[in-house]
Every structure is written in structure tokens, then in C-alpha cells.
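Would you mind keeping the following structure in view while I ask a few things?
The values are calculated or read from the model by the stated rules, or taken from the named source; none is laboratory data. Because the structure is a prediction, the values reported are computed rather than measured. For neighbour counting, all protein chains shown are included, and Cβ atoms are generated from backbone atoms with ideal geometry for every residue, glycine included.
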Amino acid sequence: MQKRLLVLGSTGSIGTQTLDLVASSQGELALAGIAARASWELVRDQVLAHGVPLVAMTDPEAAEALAPHLPQGTALFSGPDALLELVQAADFDICIHGVVGAAGLAASVAVLERSKTLALANKESLVLAGAELMQLAREKGTEIVPVDSEHSAIFQCLRGERLDRVRKVWLTASGGPFRTTPLAEMRNASPEQALAHPTWEMGKRISIGSATLLNKALEVIELHHLFGLDVDRIGVVVHPQSIVHSMVEFVDGSVIAQLGPPDMRGPIHFAIHHPDRAPAKLTGFDIGRFSKLTFEEPDFERFPTLGLGFRCVELGEDAGAVLNAADEVAVEAFLDGRLPFHGLYEVHAAVLAQRPRSFGSVDALLAADAKARELAHATIQAGAPYNMMSDSHSSNALPSKATPGTSQ
Ligand code: MG
């Protein structure tokens, strides 16, 4: 039976790879609608190639530019509410949500409200309001299927297993472009250096997040919400080849891992077809690429933001929302040359230490997000001392317990 997909963020990395899968599906997959922010030429090409009935562009100027190029009968939603209008109007089976940032949360809520399956690459939704979204999915009798490669791996390893039989989940991290870079060199790394990810091709924000390990910190929070695991059952291990996408260690000492070349089409394909494991023409075991798999302990001193992910799980409340918002503002400042690389962590830690403790509903968490952005702008404008990284252990925002999960 044909599956109808709603693709949010169709021009981004997840979106374009989803459309690749649609193109090669021989009619098994169809597009019920697509949404993007401003890349209207690419949206035009996607509509012409696939025949998409509904389109949303959140940037009104881009929507205006796109309108005359759309075939007759194609509906266009434009402006800040376009994403939600699209989710409400579309006739779809599963939503592939690849929007980047906190801006994706409202659409996640809207998809679940409609009792549709949410294939979630927008990890910020869970980082901001994980408890609320998981609860909503249960109430509406639907499911959040992770598209983040690590969480997809864990989801796959856990199928048919009992969560209370999990000793520890091992989240793998590539280590990013600065895995072996000495701290002194990292401190003033340029955006170009930070964007050069060794194994994955991704958008800018997530690439910077791989350089600071903020992305892994967010993934720790995401993992906590998806599977209800606390920090003592979450470990992070650096695996530079990005072949082992994550592992689950069970109470009997058995470890199950999910492997594959770094290619997001794998987790996207899995999420679309779950609970089936449908055939795909993706590469499997490749002795050349799989011949050397190595693992290292993460360095919490050079990557102190990673510790903040564990700290946020311990703090709960609005901590995840606040860390994420601080990072969205800080990354923009870094890319604009207004913040040095080591300033990213200082903004993370400073804003987290002042978090408003606004939680209890999605709206309260969005208020925390807004407040954290204000605090982050103020911190950057004040030109914080930018010298905390060399003295990271004195920061009160670092994990209260010994850095968890690096070894057993
Ligand atoms: Mg990931």
C-alpha cells in the first residue's frame, strides 16, 4: 500500500534525502505535502518532480516568488503559521520532520494531535518538551519514531526487548572535527574549521554542534525522553568511523549494536517503513569501510558542553529547552564572527545557570526558550570573560556527579 509522506524541511539535509527515497520507491511512497523556509527554487523543482498537492513556505517573500511557478491546483501556505496550516490540511500517513531548531516544536505537537506517526529528526522537539510529547503520543495512540541516526539505532536494538533489562545505552559520537585538536588550538577555531565534519554531511547548526559536542549533549536529553533512561543508564563513546550508530548493553552483559555506513537515508527509510523492515538499495556490510572500528572515551575537559547534556537530564524542568535556545543564539553569533569558539560553551553554561525554571506545559517551555534567547544575547553582548574553558571544573553548571557513562 502506498504511504503518503508529509515532509517538513524538504530542502534541508533530511528533506532532500527523504525525497531521494520517494523518487526511488517506484510509487510506493508519495508526497502529501512539503514545507520549507525560504529556498523556493528548490521547492519549485521538488513540486515539479514529484507532483506535490500542498506546499508551505514560512518566509512570505519566498512564498511570493514561488507562487507563479506552481502547477494549477497546488495549494500554497505562506508565513509564520504555514507549517501548522499544512500539518492540519494534509492527508498523510507519516510526517518526516527535518526542520532545524526549536521552531519545529509546534509542528511536532500538531502531528501528534492528529494521531499521525511522527518520524522525528527535529531533536529539539524532544529536547524542549520531551515529557509532554511522549505523553501526547501515548494519549493519541500514536508513535514518535526517531530519525536521528543514534536513536534510530537504539530503537532498532531495543525492538522486542524489555527496557528494564537494559544495563546501559551507548550513544556513539564521531568526535567531530576537533576530536584530536589540542585545547589551545580549539579555543579560537574559525567557523570554516568547525564546519568541516569528518564523516557526516549535515546542516550548519548541527555541524557546529558536532564540533562542540552540543549535538551529543542534546542527543543525551533526547535519549532520556525517548526511552525513559536516566543518566546512570546513558553512556557516550567516541567512535570516529561513524559505522556503529549506537549500542545497547543488556543486564546479561550482551551488547547489541546497529551498524551501517554514515547515510541518513538508512534511518529515514527505517522510520518510514517501521514496524516493517522493508527492502532498500542501501549499502550494508562493507569490509573495506568496516575493517577498523575504534572507540575512545570522550574528553569532557575539551568538550565541557557534553557534560551539560547529562546535567540537563538531572535537572529536568526547562533545562533542555534553555540549553538548546542558548546554543541556537550562540551558534549564530559564532558563524557571524561575534563569538569565539570557546565562547559557545560559556554561553551554554552561563544561560543554563540562570534558567527561568518555566515548565509544566509546552507553552511554559516555549517561554523558557524565549527567555533563554534573551539571556544568551545579553551574555554575548556583554562579552563574557571567555576564559572559563581553561577552568571548566569550577563552573557550577557542570555535572554534579562524576562525569557519567564513560566507562564501566
Ligand atoms: Mg545524531
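Consider VAL147 carefully, then state whether it is β-branched (Val, Ile, Thr), away from the ligand (no atom under 16 Å from the Cβ) and closer than 27 Å to ARG311 by Cα.
So VAL147 fails the test.
Output the residues belonging to segment 270-286 that are more than 13 Å from LYS3 (Cβ to Cβ) and of a type in the set (Gly, Ala, Ser).
ALA280, GLY284
Here's the yes/no breakdown for (1) in contact with a Lys or Arg (Cβ under 6 Å, 6 or more places away or on another chain); (2) more than 18 Å from LYS3 (Cα to Cα):
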{"site": "ALA67", "(1), (2)": "no, yes"}
{"site": "GLN72", "(1), (2)": "no, yes"}
{"site": "ALA75", "(1), (2)": "no, yes"}
{"site": "GLY79", "(1), (2)": "no, yes"}
{"site": "LEU84", "(1), (2)": "no, yes"}
{"site": "VAL87", "(1), (2)": "no, no"}
{"site": "PHE92", "(1), (2)": "yes, no"}
{"site": "ALA102", "(1), (2)": "no, yes"}
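Is there any pair linking a residue in segment 355-370 that is more than 15 Å from SER125 (Cα to Cα) and hydroxyl-bearing (Ser, Thr, Tyr) to one that is in a helix (DSSP H, G or I) and at pLDDT 95 or above, with Cβ under 8 Å and at least six apart or on different chains, and which?
Within 8 Å, the pairs are SER358/ALA364; SER358/LEU365; SER358/ALA367; SER358/ALA368; SER358/LYS371.
Out of PHE290, PHE300, which single residue is among the aromatic types (Phe, Trp, Tyr), at pLDDT 95 or above and under 19 Å from TRP200 (Cβ atoms)?
Testing whether each residue is among the aromatic types (Phe, Trp, Tyr), at pLDDT 95 or above and under 19 Å from TRP200 (Cβ atoms) leaves just PHE290.
Can you say whether ALA153 is in contact with a strand residue (DSSP E or B) (Cβ under 9 Å, 6 or more places away or on another chain), within 14 Å of the ligand (Cβ to nearest atom) and either over 17 Å from LEU306 (Cβ atoms) or acidic (Asp, Glu) (or both), as far as the supplied structure shows?
Here the answer is yes, as ALA153 does meet what is asked.
In segment 325-354, which residue that is outside any helix (DSSP H, G or I) and in contact (Cβ under 8 Å) with a residue 12 or more places away in the chain is nearest to VAL220 (Cα to Cα)? Show your work before the answer.
Step one: filter segment 325-354 for residues outside any helix (DSSP H, G or I), giving 336-340, 354.
So of that shortlist, the ones also in contact (Cβ under 8 Å) with a residue 12 or more places away in the chain come out as 337-340, 354.
On the way: GLY337: 28, ARG338: 28, LEU339: 25, PRO340: 25, GLN354: 21 Å.
Among them, the one singled out is GLN354.
How many of the residues making up segment 171-196 are within 12 Å of the ligand (Cβ to nearest atom) and either of a type in the set (A, V, I, L, M) or surrounded by fewer than 18 Cβ atoms within 10 Å (Cβ to Cβ) (or both)?
2
A further question follows. Tell me the residue from LEU158, LEU128, LEU136 that is hydrophobic (A, V, I, L, M, F, W, C) and either buried (at least 24 other Cβ atoms within 10 Å of the Cβ) or at positive phi (or both), please.
It is LEU128.
Could I ask something else about it? For segment 107-125, which positions are surrounded by fewer than 24 Cβ atoms within 10 Å (Cβ to Cβ) and either within 16 Å of the ligand (Cβ to nearest atom) or basic (Lys, Arg) (or both)?
Listed by number, the residues that qualify are ARG114, LYS116.
Now a separate question. Do you know which of the residues in segment 198-249 that are on the phi > 0 side of the Ramachandran plot and within 13 Å of the ligand (Cβ to nearest atom) is surrounded by the fewest Cβ atoms within 10 Å (Cβ to Cβ)?
Going through segment 198-249, the residues on the phi > 0 side of the Ramachandran plot turn out to be 213, 228, 242, 246.
From what is left, the residues that are within 13 Å of the ligand (Cβ to nearest atom) are 213, 242, 246.
Details: LEU213: 31, SER242: 20, SER246: 28.
Residue satisfying both the conditions and the ranking: SER242.
Pairs needed: first member in segment 305-324, under 18 Å from LEU133 (Cβ atoms); second member anywhere, part of a loop (DSSP other than H, G, I, E, B) and among the aromatic types (Phe, Trp, Tyr); C-beta distance under 7 Å; at least 6 residues apart or different chains.
GLU317/PHE359; ASP318/PHE359
Oh, and also: Of all residues in segment 261-311, which are β-branched (Val, Ile, Thr) and either part of a loop (DSSP other than H, G, I, E, B) or crowded, with 16+ Cβ neighbours inside 10 Å (or both)? Give the derivation first.
Taking segment 261-311 as the starting set, the residues that turn out to be β-branched (Val, Ile, Thr) are 268, 272, 283, 287, 294, 305.
Correct list: ILE268, ILE272, THR283, THR294, THR305.
Okay, moving on. For segment 385-400, check the following and say yes or no: at least one residue is over 23 Å from PHE310 (Cβ atoms), in contact with a helix residue (DSSP H, G or I) (Cβ under 6 Å, 6 or more places away or on another chain), at pLDDT below 95 and not acidic (Asp, Glu).
yes
If a residue has to be among the charged types (D, E, K, R) and either surrounded by fewer than 16 Cβ atoms within 10 Å (Cβ to Cβ) or over 25 Å from the mean Cα position of the chain (by Cα) (or both) to count, how many in segment 63-101 make the cut?
3
Tally up the residues in segment 17-62 that are assigned to a helix (DSSP H, G or I) and over 25 Å from the mean Cα position of the chain (by Cα), please. Lay out the reasoning, then the answer.
If we filter segment 17-62 for residues that are assigned to a helix (DSSP H, G or I), which is where we start, we get 17-23, 40-50, 60-62.
From what is left, the residues that are over 25 Å from the mean Cα position of the chain (by Cα) are 41, 44-45, 47-50, 60-62.
Count: 10.
Still on this structure: Any residue at all in segment 78-86 that's assigned to a strand (DSSP E or B) and either modelled with pLDDT of 95 or more or in contact with a Gly (Cβ under 6 Å, 6 or more places away or on another chain) (or both)?
Within segment 78-86, one or more residues are assigned to a strand (DSSP E or B) and either modelled with pLDDT of 95 or more or in contact with a Gly (Cβ under 6 Å, 6 or more places away or on another chain) (or both).
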